[in-house]
Structure formats: C-alpha cells, structure tokens
Amino acid sequence: MREKNKSLLKNIGLFTLGSFGSKILSFLLVPLYTAVLSTAEYGTVDLITSTASLLTPILLLSIFDATLRFGMDNNYKKEDVLSTSIRIAVIGSLILIVGTVVVTKTGIVKIDNIYLVFLCVYFIIGALNQIFNLYLRAKNQAGVIATSGVLCTFITCCSNIVLLVILKWGIIGYMFSNTIGVLIQNLYQLFFGRIYKDIKFLKFRDLTKPMITYSVPLIANSLSWWINNASDRYILTYLRGVAENGIYSVSYKIPTLLSMFQGIFYNAWSISAIAEFDENDNDGFIGTNYSLYGFISLAICSSLLIINIPLASFLYKGDYFIAWKCVPSLLLGTVFSGISQFEGSLFAATKNTKSVAKTTIIGAIINTVCNFIFIYYFGAIGAALATLIGYFATWYLRTQHLQSFIKMKVNWTIHLISIALVFVQTIVATVKSLPMFQIASFVLLILLNKELFRPIIKKLLRN
C-alpha cells in the first residue's frame with residue numbers, strides 16, 4: 001500500500017503543479033471579467049462554451065475516455081490508441097465545421113458569425129487537449145502535462161491583460177484569451193511529449209470498434225453530466241433571459257476553488273484506480289482514499305461557505321453580486337459531483353461503462369425536471385438547487401451500486417453524518433450568513449473526521 005500511496009501522491013503533486021495555476025487564475029480574473037463584460041455578454045459566451053461541451057462527447061463518441069483506458073492496457077499499442085482517437089476527433093471536427101456553415105448560410109439560428117467561429121475553434125482545440133492529456137496520462141508523463149499547464153496559465157494571463165485591459169477588445173478579447181493558452185498547451189504537449197511521433201495517419205491498427213464499444217455508453221454519461229452542469233443555463237436563459245444566465249454563470253467561480261482540488265486528485269486517482277484496482281480492497285487503499293477525498297471535499301465546501309459573502313464582495317462587481325446566493329448549492333453539488341467521478345473511475349477499472357451511464361442519466365433526468373420547476377419560481381437560485389439535487393442523485397445511485405462489486409473499507413456512519421452536517425450548513429448559508437453557525441459546523445466536521453488524519457499527523461511528528 002505504501003508504494004500505491006507514493007505513486008498517487010507523486011501524480012497529485014505533478015497535476016497540482018500543472019493545473020493549480022490555471023484554476024487560481026480563473027478565480028482571480030473574475031473581477032476583471034465582471035468589470036469589463038456585461039452580464040449579457042458573459043452569459044452569451046458561457047452558452048457557446050456550454051454548447052461546445054455538449055457537442056464534444058457526441059461528435060467524438062466520448063473517445064477520449066477510451067484513450068486513457070486502452071492506453072493503459074498492455075494488450076494494445078499506445079500509438080494505435082492515439083491514432084484512432086485523433087482520426088475520430090478529425091471526423092467530428094469536420095462535421096461541426098460543416099454544421100456551422102449550414103447554420104450561417106441558412107440563418108436557422110440567429111447568432112453572430114464570430115460566435116460560431118469561436119465555437120469551432122474552442123471545440124477543436126478542446127478536443128485535442130482532452131485526448132493529449134489522457135494519452136500522456138496513459139504514458140505516465142504527468143510531468144509534461146504539469147509543465148504545459150503552467151505554460152497555458154502564463155499565456156492566458158498575459159493575453160487577458162493585453163486584450164482586455166490594454167487593447168480593450170471586450171468580448172472578442174475574452175474569447176481569444178480562452179483559446180490561445182490551450183492552443184499553446186496543445187503544441188507543447190505535441191512536441192515535448194513526443195506525441196507527434198506516435199500519430200500514424202495510415203499504417204496503424206484500427207481500434208475504432210473496441211474503443212467505441214467501450215466509449216459509446218459513456219456518451220450518455222457525458223451528456224448527462226453536461227445536463228447536470230450546463231442545461232440549466234439554457235433553461236434559465238429561456239425562462240429568465242441571458243443576463244440572469246450571466247449572473248448564474250459567474251456564481252460558479254467560487255465553487256471552482258473546490259473543483260480545482262477535485263480535478264487534481266481525480267487526474268491522479270484515475271490512473272491508480274485502473275492500475276491498483278482490488279475488488280476486496282484488502283489493504284484499504286481504495287476505502288482510505290475515498291474517505292479522505294470525501295472529507296476534504298466537504299471541508300473545503302464548509303470553509304468556503306463561511307467566507308462566501310466576503311469572497312462575493314471581492315469577485316462580483318455591480319449587478320453580479322447577487323450571484324452569492326447561488327454559491328452554497330453549487331458548492332455542495334460540486335462535492336457530490338467530485339465523489340461521483342471518483343466512483344466512476346472504479347466502474348471504468350472494470351470497464352463497466354453501462355452502469356456509469358445509467359446512474360448519470362437518472363441524475364440528469366431529475367436535474368432537468370427540477371430545473372423547469374425551480375427556475376420558474378426561484379430563477380438562478382433554483383437552477384443551483386436543481387444542480388445540487390441532480391448530483392446528489394447520481395452520487396447516491398453510484399454509491400449503492402458500488403457495493404455489488406467492491407467492498408470499500410469506509411466508515412459510512414461518519415461519512416453520512418458529515419454530509420448531513422454540510423447539507424444543513426448549505427441551507428443556512430443560502431438563507432442567511434450566520435458566520436458563527438458556519439464556523440461551528442466546520443469545527444464539528446473536523447472533529448467528526450479526526451481519525452482520518454490522525455495517522456498522517458503522527459507520521460509528520462515522527463519525521
């Protein structure tokens with residue numbers, strides 16, 4: 001187990017280096033965006049990026065999920081896995097380009113051409129970014145991913161300052177800044193990760209059939225995640241207008257601090273889950289990491305609830321400030337989203353993608369029904385609450401189903417009490433600040449879970 005933890009911690013360190021800066025940057029740039037862009041402009045671009053997220057699993061057949069799983073399988077050559085993934089990505093990108101040309105010529109959708117160009121560019125570089133990152137993870141080249149992430153952060157920061165502050169390009173500058181950093185990251189990975197050497201355009205073993213057999217059920221899974229994460233923005237725009245969607249979209253920036261931790265851990269864990277899977281969890285490796293991950297997610301959520309309004313005062317300028325009311329539900333929803341993804345990696349280890357899709361689909365259906373009801377009555381706050389309920393449903397179903405094929409060594413009583421405690425804190429934080437109650441909840445959460453980190457503290461003291 002020591003070697004397993006050592007490998008996991010090493011990968012966490014590398015992924016932290018690669019993505020911490022970009023996540024913090026996304027957080028710190030919010031005051032700039034809310035000062036420069038109107039709520040309508042921000043809401044419109046958010047819809048474009050959400051559309052790209054929707055189209056990615058559909059047009060790429062969720063092949064990026066298969067890139068990691070098959071790339072780590074010794075029965076297949078890694079270059080064959082990569083080449084198959086790239087070919088599917090090229091076909092999907094061409095379909096999107098043709099589709100946008102048709103939209104432009106026919107005028108089916110009334111939207112400026114510049115947004116359609118941004119959609120295509122954002123989709124293409126985003127698709128390649130996912131494939132490259134997962135392929136490098138399969139090759140255990142986390143160092144290249146980390147370095148390219150730092151480079152992406154630097155380029156994005158510089159382009160934001162130049163285009164939004166100095167040149168004052170407004171929404172055009174915002175869209176350009178959101179693509180140039182990722183493009184440079186892709187090029188870095190292509191050359192320094194030596195990906196270009198593994199891409200074969202003609203002579204390679206076509207793995208389309210087995211990879212798609214694995215990934216197709218995950219299309220429904222990806223779409224359902226998208227529904228949980230983004231469909232509320234379309235419903236909110238339809239029922240309340242694009243300006244309120246802009247407010248709702250910016251409210252996600254505080255939960256970004258939590259998803260930053262989750263993303264770093266998940267990137268490292270997804271490798272360990274496949275390589276170290278043990279259905280009996282004999283050494284407690286899976287159960288221990290599940291418990292720690294769940295506790296830290298809840299602790300970060302609880303601490304952010306305490307400082308939600310002060311953070312909102314710093315981040316959300318003018319009309320955006322009301323977004324603080326959406327944050328509590330989105331924070332707790334992010335907790336359940338992260339834990340569900342942790343569990344999803346265990347399903348992936350056994351190639352049980354149908355069960356992954358099923359649980360996410362049910363959560364998405366619940367989320368959609370709640371969206372129409374809650375948004376109608378409560379607007380953006382209702383959208384946040386629907387997101388929370390959808391993610392909770394997915395987590396609950398996955399947790400139940402996991403018991404059928406893996407015996408994780410988890411103290412479920414403490415885990416469930418911790419969730420209930422933060423749930424109550426979330427309700428209170430949405431209605432009224434009550435900082436003393438928030439602090440008391442956080443302290444109680446720590447005391448409940450003290451056994452989790454006591455061994456770690458003892459080890460540090462011995463050293």
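Coordinate-derived values only; no laboratory data. Quantities reported herein were computed from a predicted structural model and do not represent experimental measurements. All Cβ positions, even for glycine, are placed from backbone atoms using ideal geometry, and neighbour counts span all protein chains on display.
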Query - Ranked by how many other beta carbons lie within 10 Å on average, peptides 184-191, 291-298, 245-252 from highest - result: 245-252, 291-298, 184-191
Requested in this report: Go through 59-71, 406-418, 108-120 and give me the packing order, highest mean Cβ count within 10 Å leading.
Outcome: 59-71, 406-418, 108-120
Query raised in the report: For the chain, what is the charge dipole size about the Cα centre, in debye to the nearest 20, if Lys and Arg each add +1 at the Cβ and Asp and Glu each add -1 at the Cβ?
Result: 780 debye
Requested in this report: With unit charges on the beta carbon (Lys/Arg positive, Asp/Glu negative), name the residue among N178, I195, L164 whose Cα is farthest towards the positive pole of the charge dipole of the chain.
Outcome: I195
Query raised in the report: Amide H to amide H under 5 Å from K200: which residues, 5+ apart in sequence or cross-chain, H placed 1.01 Å off N in plane?
Result: S83
Report summary line: the stretch 2-462: spread of alpha-carbon positions along the three principal axes, whole Å, largest first, is 60, 56, 41
Report task. Please order F201, F154, F342 by the number of other Cβ within 10 Å, starting at the fewest. Result -> F201, F154, F342
Report task. Compute the relative contact order of the stretch 2-462 as a whole-number percentage, counting only Cα pairs closer than 8 Å that sit 6 or more residues apart in sequence. Result -> 21 percent
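Order these by the 10 Å Cβ neighbour count, fewest first: V422, V98. Don't jump to the answer; show the numbers that get you there.
Details: V422 22, V98 10.
Arranged by neighbour count, lowest to highest, V422, V98 become V98, V422.
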Report summary line: For K354, K105, ascending order of other Cβ atoms within 10 Å (fewest first) is K105, K354
Query - Charge-dipole axis of the chain as Lys and Arg at +1 and Asp and Glu at -1 on Cβ define it, positive-most pick from P255, I145, I97 - result: I145
Requested in this report: Using a cut-off of under 12 Å, list every residue of the stretch 43-81 whose amide N is near the label point 7 Å from the Cα of I95 along the Cα-to-beta-carbon line.
Outcome: 55-63
Query raised in the report: Pairs K78/K407; K209/K253; K197/K358; K77/K354; K317/K450: which are spaced more than 28 Å apart, C-alpha to C-alpha?
Result: K78/K407; K209/K253; K197/K358; K317/K450
